[in-house]
Amino acid sequence: MVIRQIQQTFTGVYEITLSVGSAFFLRACSLSLLTEENLFAGAELSDEEASDLLNAAVVYGAEFAAMTYLARAEHCRAGLERKLLKKGIEKSAVEKALDYLEQCGNLSDERFAGAWLRSRSIDHAEGRIRLAAELASRGVDRLASKKALDEFFSEKDELEICRRAYKKCLLFKKDLDKIKASLVQKGFTLKQIGIVISEEDSYL
């Protein structure tokens, strides 16, 4: 097989047309056997080298699909991987594409977690325990989740959020045990719940 045409479109990205088939794009860093020096019009390729090119093209296709999602909103790696696999893209290509996007900073579990926490806090009053569980259920990396939560609660007073949740519970529940159970479910510690209830009792 021969490279019939080749054009560099971005740094490290090439549009290639082989002697068979239509043109495709690839990122040179995704190649295993070939290097950029091997990419020129007229180059004759072995079956293994041609396969290397096509595999790199699949990785670039996965990267392009991932960037389409990321252009709309932040994603965590696990969530983005699920979406790409549902599109029928090979798992190995998805993993390589997401590795690259993480390396260049376009994909970040920590950034996703921070954005998710800020959005979630608009309509929900929840504690760290519940929020950590929600992030874990979405597949967010544990270290990234911890960093995002640390930053979030450096700006937000968790006890004040617990007060807000308690006052909301009072609108629907009168039984103290049910209120406590609800606040535990919302991710607050028994210590936080005790402080808030004691404060309210002191006002009565």
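Below are the figures for this structure:
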read-out: Theoretical FRET efficiency, 1/(1+(r/R0)^6), r = Cβ-Cβ of Asp47 and Glu95, R0 22 Å, to 0.05; value: 0.35
read-out: Dipole-positive endmost among Ser108, Ala73, Ser30 within region 17-138 (Cβ charges, Cα centre); value: Ala73
read-out: Cα centre as origin, Lys/Arg/Asp/Glu Cβ charges: the chain dipole, Debye; value: 1420
read-out: Cut-off 13 Å (backbone N to label point 7 Å along Cα→Cβ of Ala78), residues of region 95-121; value: 109-110, 113
read-out: Simple Cβ-charge dipole of region 92-204, Lys/Arg +1 and Asp/Glu -1, about Cα centre, in debye nearest 20; value: 420
read-out: Vicinal HN-Hα couplings computed from phi for region 88-94 (Karplus, 6.51 cos²θ - 1.76 cosθ + 1.60; Hz; Gly/Pro x); value: x, 7, 4, 4, 5, 5, 4
read-out: Fluctuation leader among Asp177, Asp150, Asp52 - the chain, Gaussian network, Cα springs under 10 angstrom; value: Asp177
read-out: Computed FRET value (nearest 0.05) for Leu190 with Arg120, which takes r as the C-beta separation and R₀ as 22 Å; value: 0.45
read-out: In range of the label at Lys147: residues from region 87-111 whose backbone nitrogen is under 11 Å from the point 7 Å along Cα→Cβ; value: 108-111
read-out: Dipole axis of the chain (+1 Lys, Arg; -1 Asp, Glu on Cβ), positive-most option in Ile195, Ala136, Leu18; value: Ile195
read-out: Per-peptide average of other Cβ atoms within 10 Å, ordering 78-91, 111-124 highest first; value: 111-124, 78-91
read-out: Stretchable slack from Met67 to Glu155, in nm (0.36 nm times residue separation minus alpha-carbon distance); value: 28.7 nm
read-out: Most mobile listed residue (Glu95, Glu37, Glu110) in the chain, GNM with C-alpha springs under 10 Å; value: Glu37
read-out: Candidates Ala62, Ala132, Ala43, ranked by Gaussian network fluctuation over the chain, Cα under 10 Å, top entry; value: Ala43
read-out: Backbone HN-Hα couplings from phi across region 160-166 [Karplus 6.51/-1.76/1.60, Hz, Gly and Pro as x]; value: 5, 5, 5, 4, 5, 5, 5
read-out: Calculated from backbone phi, Karplus (6.51, -1.76, 1.60) coupling profile of region 112-120 in Hz, x at Gly/Pro; value: 4, 4, x, 5, 5, 5, 5, 5, 4
read-out: The chain - percent of accessible surface contributed by carbon and sulfur, probe 1.4 Å; value: 52
read-out: On Cα atoms only, tilt of 176-185 relative to the major axis of the chain in degrees; value: 20
read-out: Members of Lys83/Lys146; Lys83/Lys167; Lys147/Lys174; Lys86/Lys167; Lys96/Lys186; Lys86/Lys156 lying beyond 31 Å, as alpha-carbon distances in this model show; value: Lys83/Lys167; Lys147/Lys174; Lys86/Lys167; Lys96/Lys186; Lys86/Lys156
read-out: Chain lengthening between Ile197 and Arg164 when straightened (0.36 nm per residue, less Cα-Cα); value: 10.7 nm
read-out: Sorted largest first, extent of region 33-163 alpha carbons per principal axis (Å); value: 71, 27, 23
read-out: Within region 154-204: Cβ-based charge dipole about Cα centre, in debye rounded to nearest 20 (Lys, Arg +1; Asp, Glu -1); value: 280
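The values are calculated or read from the model by the stated rules, or taken from the named source; none is laboratory data. Computed from a prediction, not measured in an experiment: that's the story for all the values here. We place every Cβ from the backbone using ideal geometry, glycine too, and count neighbours over all the protein chains shown. For accessibility, only protein heavy atoms count, side chains too; no ligands or nucleic acids. Shrake-Rupley method; radii C 1.70, N 1.55, O 1.52, S 1.80 Å.
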